[in-house]
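Nothing in this text is a laboratory measurement; each read-out follows from the coordinates by a stated rule. All of these numbers come straight from a predicted model, not from anything done at the bench. Note: ideal-geometry Cβ built from the backbone for every residue, glycine included; neighbour counts use all protein chains shown.
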Amino acid sequence: MNRKQIKAFLKERLPLCVKTQSFPVLTAPNIPEKQQKNMSKNLSVKEEIISMCDTSLFGRGKNGIAFTEKAVYFKDTLGSPKVCCYDEDWIIGKDDAFDTFGITPSNTFFDNFALTDLIDELVRMSAEDDGETVKQISPETVPEPPANTAPEAAQPEEPGDADDEDDDEDDDDDDDGSLLFGLIDIALDVTEDPSR
């Protein structure tokens, strides 16, 4: 994809995907070197960042969204890094920012729908630049529901009848520890000196 074209596109459209002005959109070459290095490390970015929005406290590059020529990278405060390549992983009409990155409509930082539209357009640009066909779901490929589908009456559940996959007494295998570690990380961010 043409770097100049994607840079101009992201400079115009990415700010429309950010819900708050507290976290500015940065576009190369106006990305501070330390912040870009931290974002690359924390989001597992393998190439040069063209545009990004750092949503970490004090702009330390711990989480946010970053765009390169080939992919978009995302990491939420308590999540792990996620990557989506424009020409391999995203199908227009099927994929969206919620399913791919876990960005819900109530996300504090990003507009799920605007971000989905932005990535759809990047996929189109990437395919056109490479002379490829755009991968998208057409109305013909979406299966129609059966004609005679009446909703079944819901049966009230008896106490103790619920299908509980995690019905063991020990909760050692539950992953609540990541939430605790995320909160500790946030607390450490707040107490650290931002000038470092």
Exercise for review: For the range 13-98, calculate the relative contact order in percent as a whole number, restricting contacts to Cα pairs under 8 Å that are 6 or more residues apart.
Suggested key: 20 percent
Review point. With N residues in the range 1-135, what two-decimal value do you get for its Cα radius of gyration over 2.2 N^0.38 Å?
Key: 0.96
Check your understanding: Mind listing which trypsin sites (Lys or Arg not before Pro) in the range 1-32 are in a DSSP loop and have 15 or fewer other Cβ atoms within 10 Å?
Key -> K19
Revision key, fill the gap. Within the under-12-Å Cβ sphere about S44, not counting S44, Lys/Arg +1 and Asp/Glu -1 give a net charge of +3
Practice item. For every other residue with a beta carbon closer than 15 angstrom to the beta carbon of T108, add +1 if it is Lys or Arg and -1 if Asp or Glu, then tell me the sum. Key: -1
